[in-house]
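This report concerns only the one structure given below.
The values are calculated or read from the model by the stated rules, or taken from the named source; none is laboratory data. Because the structure is predicted, anything quoted here is derived from the model rather than measured. In this analysis, Cβ positions are derived from the backbone assuming ideal geometry, glycine residues included, and neighbour counts consider all displayed protein chains. Accessible surface areas use protein heavy atoms only, side chains included; no ligands, DNA or RNA. Shrake-Rupley method; radii C 1.70, N 1.55, O 1.52, S 1.80 Å.
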Amino acid sequence: MIAGLSFTVLLLLGAPIAFVLVAAALILIHEGGNQILLEGLPQQFFAGIESYPLLTLPLFILLGELMGAGGIGRRLLAFAAALMLPVRAGLAYVNLLANLMMASVLGSTVAQLTVMSRLAVPEMERAGYPRDLSAAVTSAGGLLAPVLPPSMNLIVFAAVAQLPVGDLFRAALLPGLALALAFALVIGWLGWRHNLPRIGRQSLSARLNAARAALPALLVPAVVVGSILGSVATPTESAALASLVTILVAVFVYREMRLSDLPRVLVRTAVTSGAVLYLVAAAQLLGWVMTFGNLPHEAAAMIRDLADSPLMFLILMNILLLLIGTVLEPVPGIILTAPVLLPIATDVYGIDPLAFGVILCLNLALGLLTPPVGAGLYTASLMTGVSAGRLSWLLTPFFGAVLAVLAGLTVITALQSSVGG
Amino acid sequence: DELRIGLITPPPHQWTRSAEALAAALDQETGGRLKLAVFPSGQLGSEAQMLQQLQSGALDLAFLTVGELTNRDEAFGILTAPYLVKDAEAAAKLLEGPTALRLQDHLGPLGLKGLGYGMAGMRIVALSKPLDGTVAGRKIRTVPLAQELDFWTRAGAAPTPLPLPELFDAYTNGQIDGMQIDYEGTFNNRFHDYSAVVLETEHMIFPMVAVASARKWQHWTPEDQALIARLVAEETARIREAYPQIDADYRAKLEEAGANLVRVGPEVFGDAVATWYEHWRSRTPLLVELEAEAKALNE
Amino acid sequence: MSGADLHIPQAPHGPLARLSHLVMRAEAALGGAICGVIFLLMLASATFRGLRHPLIWADELAVHLMVCLAFLGASLAIALRGHMTMGLLPETLPPRPRAWLALAGDVLILMFLLVMALVIWRWLDLPGLIRAGSGAALAQKTFSFIYTDPTQTLGIRKIWFWLIMPATGLTGLIHVTAQIAGDLRDLRQP
Ligand code: NA
Ligand code: NA
């Protein structure tokens, strides 16, 4: 109670979110009478983000910084625009399409939106889009990464549920495409509402010039995709390989960067990723203290008591997950909730575990962009200079699109449950 | 009183089900005085994190794999010796024997109290490309445990520790060529669909150690100590008893699913088995006694 | 502050501010170096695995460096006023109350860092370590294994990485003290 109250007040006063999270964890420890947790607290704090998948964060931030500094992003987007028909908000659709393609290779929202925000936002701004709106479109596109296969979230859920990853990937394919379609509708509406620019009519020779200029730049996404599919690198390592190619192309082909610029780029990467990583660690620490107090279990038991049908169960679960997602990252969120919710879903309500997993993972992925704590939201904010508050406001229609897809999945899943709708 | 038990296995896994059964038994036998909350799937953190929680007394009980323990005391690695026992039944017996019991004394200096052993399925090998003589030259996913890395290196393979969440992508994309796993894990992840061959080596036990926090143990009454020790021993015995059947069931499921199961002998590892023993007998002398015990069981 | 237009502030006033500035420069350089090393480690990891000689220690080292980067980042963000906030109220206030709010915010950060310093101090238990004579002896006496905990593949103890926490706790205190001094100076100006 005290923890929750001071949490809200401090946040509104503008206190650093990461410190507020750790302070809330300390208060919760004190209130719960679990002082023994303090003895190893620094160690648990450190261990909370000792995770290999998190390495994507600094590496993709580095890749994004390099692509921005080296003029790679500009040329790639010009190339994509050259392929596009002259429609309203054309560049925003290009952005979505690029996100869709990247999502079929990458499985992490933060990795994707980091690169995309360096690649697309400056170009959209140059073409007459407001920067904040461009950042919102780009961040939302990042949500496609964990929904369309491959996906880190689905892999973690598969491990918890002991389900085949391949089956989950297949189950997520249609919902992922539905999400992309919903985002396209939102972009159409935004284009009309904000009168977003059309892509100008281009002559064939202008299009060919753009393509030629982009040819070396195309090496970068080719390396990301090729090194993963060509069994050379893990997605994390692919960011490092692509960074190397970016440096080579930017320094020796485009000559827009010198090797002496590298230290500055690295420091910028360190400042951005350090702040976001500490925030993730702080949220993780709070999650650990809450787990220790058995809160996930109690929440699951409460839902079970309240729900009298599969639909009711799924609705309450979605609300709980949205709340958890405001603070926690998807992966710890899955580990905390799936073990307590899944047995109830399958045994009591006869819900298909694959559909359950897709709903759970999509819902928790949204948490990356929802305030007050979202690694995706803050990375995008740091990389585009748009405040997190402004960004989350502009993301609202996209949140609506995600909720609409979640609602559809929820109703379909409830109707298909063996207990009946 | 609310006690806590932590484990890394997911809810459907036998270890987690046994932990739930333990919680129910403890509740019943004490008339609700002692409750046990079960934290599966690594909800309280990695095994290294749980170890710290056990040491400080924040966590009461845990089912630990031998990985983190071996990292702190090499002696635990003797339980993962290659071709130690002929089958899962013998493995279960070996874990009840005097050497395994003596090994539990090594838990004291780590701040733990040993309460018996469980196990998972016998280790087998899944390969993405057809077998051609030996496993030499392949990138095999293992856990980063000295004895295991050493074994695969001696076999001429490239042991590649990968975090579990990376395993599926790495195997299906071809960043690794194989893995050491059990029938259960192979079937649950459908790894056989991505494997040219599944080698029924059954070359290694996968032991689990049931432990209590030594610090918490001191605070319990002798009656509670005895009760907890008895109930945990009952559950670990049930796990040991269950695994030969679990292995057989999943093996049958794999066969039905059309997995290319091939029974092979130690020769797929070249001369790794012999040289491994030569090396580790001197490093961890308790291995010699364990071998003698295993030899009697295998006859 | 945003990564897009990160600038390192110049010409600090007073010895405390100069110290904070100096420490911040060092932290930024160290952070950049860590990012560079993580980048190289991942390149090496992919390359050597391709050559069938996987670097068994590369992942663990990269992950540990990344966690150190997180704690460095927390201290750096104090110095650069770059910590992420919800920041609804401060944006709407006139200058004078905003200066007071800034002071209050910095005092809260100071209090937080002091509490964390206490938690870290008790965890490290230096007096206990000196009395016991060794990390192993301390572990047997107090069930605190922090000086003996091993890494999995690096061959060194975890404590060498954990030291980033007391170190950045200290630098964070330097930064926030310098900022409180700055807040007070701002408030004295009419
Ligand atoms: Na994806
Ligand atoms: Na969130």
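Yes or no, residue by residue, for (1) farther than 16 Å from residue A:386 by Cα; (2) at pLDDT below 90:
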| residue | (1), (2) |
| --- | --- |
| A:79 | yes, yes |
| A:84 | yes, yes |
| A:95 | yes, no |
| A:104 | yes, yes |
| A:134 | no, no |
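With respect to the conditions (1) closer than 23 Å to residue C:64 by Cα; (2) out of contact with any His (no Cβ under 9 Å at 6 or more places or on another chain); (3) of a type outside the set (Gly, Ala, Ser), residue C:127 falls short on a single one, namely (1).
Let's see how each residue does on (1) part of a strand (DSSP E or B); (2) at pLDDT 95 or above:
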| site | (1), (2) |
| --- | --- |
| B:125 | yes, yes |
| B:169 | no, no |
| B:176 | no, no |
| B:207 | yes, yes |
| B:233 | no, yes |
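Restricting attention to the stretch A:15-42, the residues being open to solvent by less than 20 Å² (accessible area, probe 1.4 Å) and in contact with a Ser or Thr (Cβ under 9 Å, 6 or more places away or on another chain) number 7. Select from the stretch B:44-54 the residues that are of a type outside the set (A, V, I, L, M, F, W, C) and closer than 17 Å to residue C:151 by Cβ and list them in ascending order. The answer is B:45, B:46, B:47, B:49, B:52. Cβ-Cβ contacts under 7 Å between residues 6 or more apart (or on different chains), taken from a first residue in the stretch A:180-193 that is over 11 Å from residue A:137 (Cα atoms) and modelled with pLDDT of 95 or more to a second residue that is small (Gly, Ala, Ser) and open to solvent by 30 Å² or more (accessible area, probe 1.4 Å), are listed as A:182/A:404. If we keep just the residues of the stretch A:96-115 that are away from ligand 1 (no atom under 13 Å from the Cβ) and in contact (Cβ under 8 Å) with a residue 24 or more places away in the chain, which is nearest to the other protein chains (Cβ to nearest Cβ)? Looking at the filtered set, the residue picked out is A:114. On the basis of being within 18 Å of residue A:15 (Cα to Cα) and either in contact (Cβ under 8 Å) with a residue 40 or more places away in the chain or under 21 Å from the mean Cα position of the chain (by Cα) (or both), does residue C:146 make the cut? The answer is no for residue C:146.
Select from the stretch A:326-368 the residues that are part of a loop (DSSP other than H, G, I, E, B) and either of a type in the set (Val, Ile, Thr) or within 16 Å of ligand 1 (Cβ to nearest atom) (or both) and list them in ascending order. Selection gives A:348, A:351, A:368.
Filtering A:165, A:147 for residues that are without any contact (Cβ under 8 Å) to a residue 40 or more places away in the chain and within 23 Å of residue A:333 (Cβ to Cβ) leaves a single hit, A:165. When the stretch A:99-125 is filtered for residues that are of a type outside the set (A, V, I, L, M, F, W, C), more than 16 Å from ligand 2 (Cβ to nearest atom), touching a helix residue (DSSP H, G or I) at 6+ places or on another chain (Cβ under 8 Å) and open to solvent by 20 Å² or more (accessible area, probe 1.4 Å), the ones remaining, listed by number, are A:118, A:122, A:123, A:125.
Checking A:173, A:144 one by one, the residue that is more than 16 Å from ligand 2 (Cβ to nearest atom), out of contact with any Pro (no Cβ under 8 Å at 6 or more places or on another chain) and away from chain B (no Cβ under 14 Å) is A:144 and no other.
The numbered conditions (1) in a strand (DSSP E or B); (2) within 14 Å of chain A (Cβ to nearest Cβ); (3) not charged (D, E, K, R) are all true for residue B:114 except (2). Of the residues making up the stretch A:229-240, those that are surrounded by fewer than 24 Cβ atoms within 10 Å (Cβ to Cβ) and either within 7 Å of another protein chain (Cβ to nearest Cβ) or in contact (Cβ under 8 Å) with a residue 24 or more places away in the chain (or both) number 3.
Those helices (runs of 4 or more DSSP H) of the stretch B:23-102 in which at least 3 residues are modelled with pLDDT of 95 or more, more than 21 Å from residue B:206 (Cβ to Cβ) and within 14 Å of chain A (Cβ to nearest Cβ), considering only elements entirely within it, cover B:47-56.
Listed conditions (1) touching a Lys or Arg at 6+ places or on another chain (Cβ under 7 Å); (2) within 14 Å of chain B (Cβ to nearest Cβ) are all met by residue A:251, apart from (2). Taking (1) under 23 Å from the mean Cα position of the chain (by Cα); (2) open to solvent by 70 Å² or more (accessible area, probe 1.4 Å); (3) hydroxyl-bearing (Ser, Thr, Tyr) in turn, residue A:273 satisfies each apart from (2). Of all the residues in the stretch A:117-143, those that are among the polar types (S, T, N, Q) and in contact with a His (Cβ under 9 Å, 6 or more places away or on another chain) number 0. Under the condition of being open to solvent by 20 Å² or more (accessible area, probe 1.4 Å) and within 16 Å of ligand 1 (Cβ to nearest atom), the residues counted in the stretch A:369-404 number 0. Give the number of residues within the stretch C:41-58 that are open to solvent by 30 Å² or more (accessible area, probe 1.4 Å) and facing another protein chain (nearest Cβ under 8 Å). So the answer is 4.
Scanning the stretch C:131-146 for residues that are open to solvent by 30 Å² or more (accessible area, probe 1.4 Å), more than 8 Å from chain B (Cβ to nearest Cβ) and in a loop (DSSP other than H, G, I, E, B) returns C:133, C:134. A count restricted to the stretch C:147-159 and to residues that are part of a strand (DSSP E or B) and among the hydrophobic types (A, V, I, L, M, F, W, C) stands at 0.
Of the residues making up the stretch A:352-365, not one is surrounded by fewer than 24 Cβ atoms within 10 Å (Cβ to Cβ) and within 14 Å of ligand 2 (Cβ to nearest atom).
Looking across the stretch A:303-325 at every residue that is open to solvent by 50 Å² or more (accessible area, probe 1.4 Å) and at pLDDT below 95, the one that is nearest to ligand 1 (Cβ to nearest atom) is identified as A:323.
On the given criteria, is residue B:227 over 18 Å from the mean Cα position of the chain (by Cα), in a helix (DSSP H, G or I) and at pLDDT below 95? Against the criterion (over 18 Å from the mean Cα position of the chain (by Cα), in a helix (DSSP H, G or I) and at pLDDT below 95), residue B:227 does not qualify. Restricting the search to helices (runs of 4 or more DSSP H) fully inside the stretch A:139-220 and requiring at least 3 residues that are over 21 Å from residue B:194 (Cβ atoms) and open to solvent by 20 Å² or more (accessible area, probe 1.4 Å) gives A:165-193, A:204-214.
Before we move on, is residue C:157 under 30 Å from residue B:74 (Cβ atoms), touching a strand residue (DSSP E or B) at 6+ places or on another chain (Cβ under 8 Å) and open to solvent by 70 Å² or more (accessible area, probe 1.4 Å)? Taking the combined requirement at face value, the residue satisfies it.
Looking at the stretch C:63-83, which of its residues are among the β-branched types (Val, Ile, Thr) and in contact (Cβ under 8 Å) with a residue 12 or more places away in the chain? C:67, C:78 - these are the residues of the stretch C:63-83 that are among the β-branched types (Val, Ile, Thr) and in contact (Cβ under 8 Å) with a residue 12 or more places away in the chain.
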